1. For the range 47-120, what is the per residue volume of the convex hull drawn over the alpha-carbon atoms, in cubic angstrom?
2. Say the dipole of the chain comes from +1 at the beta carbon of Lys and Arg and -1 at that of Asp and Glu; which of Val232, Thr29, Val17 then lies farthest toward its positive end?
3. For every helix of n ≥ 4 consecutive DSSP H residues, a contribution of -39,500 (n - 2.57) applies; sum these over the chain, divide by its total residues, and give [θ] at 222 nm rounded to the nearest 500 deg cm²/dmol.
4. What is the spin-label model distance, in nm, from Ala181 to Lys116 if the labels are put 7 Å beyond Cα along the C-beta direction?
5. May I ask you to derive the FRET efficiency for Asn39 and Asp11 from their Cβ-Cβ distance with R0 = 35 Å, giving the value to the nearest 0.05?
6. How big is the Kirkwood radius of the range 1-74, worked out from every pair of different alpha carbons and given in Å to one decimal?
7. Of Leu125, Leu190, which has the most accessible area with a 1.4 Å probe, and how do the rest follow in descending order?
8. So if R0 is 30 Å, what FRET efficiency would Phe109 and Glu195 give, r being the distance between their Cβ atoms, rounded to the nearest 0.05?
Amino acid sequence: MAFFQMNYHSDAVGMGVTVNVVLPESAKTLIGMNADGGNGTYRTLYLLHGLSDDHSIWERRTSVERYAADYGVAVVMPTVGRSWYTDTAYGQNYFTFVSKELPSVCRGFFRGMSEKREDNYVAGLSMGGYGAVKAALSCPENFGGFASFSGALDIANRPGELSPEWKGIFGFDLNYHTDIAGTKNDLFFLASEFEKTGYSFPKGYLWCGTEDRLLGQNRRFYDHLSALGYSVRYEESEGDHSWKWWDLRVRDAMRLFFGK
């Protein structure tokens with residue numbers, strides 16, 4: 001795999017952003033790793049970080065590049081700070097950046113990336129799990145599926161310990177967290193309204209560890225999707241909120257999305 005760190009000015013965010021990208025390559029002398037560059041057209045996984053992380057974290061904490069090589073897919077890893085993948089009240093449009101601008105920019109710079117919906121997927125951990133589901137449900141024209149690992153999927157019921165930060169992002173205080181319910185930032189609402197998009201429901205994969213504090217909201221979201229008649233792959237297994245488990249799950253998501 002070829003590794004790129006891309007820095008460009010984002011109109012959506014209004015400043016420079018950093019994005020890590022890995023692309024398939026053909027290398028005849030590479031030892032111990034698949035190096036089949038395919039036919040020059042790449043399927044792509046947009047891989048999102050969690051609340052305390054950045055664009056570098058998936059490369060540093062997992063074998064994501066090695067997994068991507070097995071399927072000949074590109075991986076795009078942006079940084080969004082602690083924005084919750086949201087067009088924030090303070091004016092920086094991180095949701096637009098990730099779900100709309102970034103795919104277009106990447107296809108401009110890396111001409112082999114496919115534009116087909118069925119060739120593009122989005123996944124993430126914790127806050128990034130929320131962002132991945134939000135992107136796939138809000139912009140189904142861009143993403144054929146989503147994966148969430150230990151996702152923070154029910155933010156309308158998040159405790160209020162981050163109230164000042166939350167107000168800066170969503171425009172109101174956490175004491176009024178119910179204001180999120182029924183809006184474009186509420187995954188339960190987006191799922192309920194998805195049929196109106198006219199698209200088939202994305203291929204979905206949800207995983208949460210049985211020792212993870214977010215298990216309850218993952219169960220609630222899966223039950224909500226099931227009640228709406230949407231079929232997604234849902235798994236619970238041993239695990240807490242840590243990289244040991246996310247490394248395994250991103251491998252499973254790639255197998256689901258890109259395996260034969």
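The values are calculated or read from the model by the stated rules, or taken from the named source; none is laboratory data. This one's a predicted model, so the numbers in the text were calculated from it and none came from an experiment. As a convention, Cβ positions derive from the backbone with ideal geometry for all residues, glycine included, and neighbour counts pool all protein chains shown. Surface accessibility is based on the protein's heavy atoms, side chains included, excluding ligands, DNA and RNA. Shrake-Rupley method; radii C 1.70, N 1.55, O 1.52, S 1.80 Å.
1. 97
2. So the residue we want is Thr29.
3. -8500 deg cm²/dmol
4. Taking the two extended label points, one gets 4.2 nm.
5. Between Asn39 and Asp11 the formula returns 0.60.
6. Result for the range 1-74, one decimal place: 13.6 Å.
7. Ranked list, largest accessible area first: Leu190, Leu125.
8. My answer for the efficiency is 0.30.
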